[in-house]
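Trainee: This is the structure I want to talk about, given as structure tokens.
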Amino acid sequence: MCSSLYELGGLCVMHDASGCNSTYDTHDEPRWFDIDSMIYISALTESDAVMGNDDKLIDEIIEVAEAEHPNFIAIGGSPVPMMMGTDFEGIARVIEKRTGIPAFGIRSSGMHSYEAGAGQALAHLVDAFCLKTVPPGQSACRAEERKNVRDVRVN
């Protein structure tokens, strides 16, 4: 997820323990050394996992979004949030409503390949920024209108 969205100006949040941040930074994403990004780790604690503290996650993402002004917000998970049944799509809807920034939840579990997460992330990006139908001579990508990717036609 994060690698596929890395250079697109979005805020990518992995709902995961804070110790995992170094793995994303130094092992999974070598561009981190040369190109700034907005990849954040939620620093999920044992207490948050047990209590399901979604409000804390939402508030912290909104705080970062207000400071960084991303083009979009992508939220993905790790094994623990998926076992907890975290509703990433619902969290994204709340964040989008409160910030006005397109947001989407990725149902990532940390148990599948990079391709699965990247595919979901890019499909959500198309849903958020591409037109349902494309008038002749116009680009399909317009931030002003949000439609469903399954209905996109190319002339």
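Trainee: If R0 is 25 Å, what FRET efficiency do you get for Glu7 and Glu63 from their C-beta distance, rounded to 0.05?
Mentor: Computed FRET efficiency for Glu7 and Glu63 comes out at 0.60.
Trainee: Arrange the following residues from fewest to most other Cβ atoms within 10 Å of their Cβ: Lys97, Lys56.
Mentor: Neighbour counts put them in this order, fewest first: Lys97, Lys56.
Trainee: At 0.36 nm per residue, and after removing the present C-alpha to C-alpha distance, how many nm does the segment from Arg107 to Val126 gain when stretched out fully?
Mentor: In short, 5.2 nm is gained.
Trainee: Local charge sum around Gly77 (other residues, Cβ-Cβ under 14 Å, Lys/Arg +1, Asp/Glu -1)?
Mentor: Taking every other residue near Gly77 into account, the sum is -4.
Trainee: Here is a further query. Which of Val64, Val13, Val50 comes first, and how do the rest follow, when ranked by fewest Cβ neighbours within 10 Å?
Mentor: Arranged by neighbour count, lowest to highest, Val64, Val13, Val50 become Val50, Val64, Val13.
Trainee: Between Asp87 and Ala43, what length comes free when the chain is fully extended (0.36 nm per residue of separation minus the Cα-Cα distance, one decimal in nm)?
Mentor: Working it through step by step, the gained length comes to 14.1 nm.
Trainee: Which of the chymotrypsin sites (Phe, Trp or Tyr not before Pro) found in the stretch 31-107 are in a DSSP loop and have at most 13 neighbouring Cβ atoms, other than their own, within 10 Å?
Mentor: Answer in residue order: no site qualifies.
The numbers here are math on the coordinates, done by the rules we state, and not lab data. Bear in mind that the values here come from a model prediction, so they are computed numbers and not experimental data. Cβ coordinates were reconstructed from backbone atoms using ideal geometry, including for glycine residues, and neighbour counts include every protein chain displayed.
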